[in-house]
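> Structure below; questions to follow.
The values are calculated or read from the model by the stated rules, or taken from the named source; none is laboratory data. Please read all numbers here as calculations on a predicted model, not as lab measurements. Note that we place each Cβ from the backbone using ideal geometry, even for glycine, and neighbour counts take in every protein chain shown.
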């Protein structure tokens with residue numbers, strides 16, 4: 001009997017789940033301490049130059065992920081990528097994109 005194992009593609013799925021958990025854990029902690037104060041959120045984000053650098057980097061990464069996904073994925077996969085990138089950021093969007101496009105060579109293991 002011949003079995004094909006594909007462990008390396010699953011690591012992207014694990015990173016995707018970790019990205020969602022970390023994103024909502026940190027944002028949940030911020031909400032716990034500050035409440036749903038949108039003006040405070042924007043004050044914190046636009047407070048310093050380093051915050052703007054991280055914001056610009058995140059927005060640019062988001063745009064690049066969406067452009068690359070638009071040209072390389074089916075419509076359904078692209079919409080999932082866009083949805084999770086918007087809801088959980090590029091820390092979940094990039095592993096999901098890599099999971100969708102990764103096509104490894106199958107490793108064949110012959111068993112009796």
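> Just one of 27, 16 is out of contact with any helix residue (DSSP H, G or I) (no Cβ under 7 Å at 6 or more places or on another chain) and surrounded by 13 or more Cβ atoms within 10 Å (Cβ to Cβ); which is it?
27
> Same structure, new question: Kindly indicate which of 67, 38, 50 is exposed (fewer than 11 other Cβ atoms within 10 Å of the Cβ), at pLDDT 95 or above and more than 20 Å from residue 10 (Cα to Cα).
Details: 38 fails: at pLDDT 95 or above; 50 fails: at pLDDT 95 or above.
67 is the lone residue from the list that is exposed (fewer than 11 other Cβ atoms within 10 Å of the Cβ), at pLDDT 95 or above and more than 20 Å from residue 10 (Cα to Cα).
> Got a sec? Which helices (runs of 4 or more DSSP H) wholly within segment 1-95 have at least 3 residues that are under 30 Å from residue 110 (Cβ atoms)?
Output list reads 7-34.
> Confirm whether residue 109 is over 19 Å from the mean Cα position of the chain (by Cα), outside any helix (DSSP H, G or I) and at pLDDT below 95.
In short, yes.
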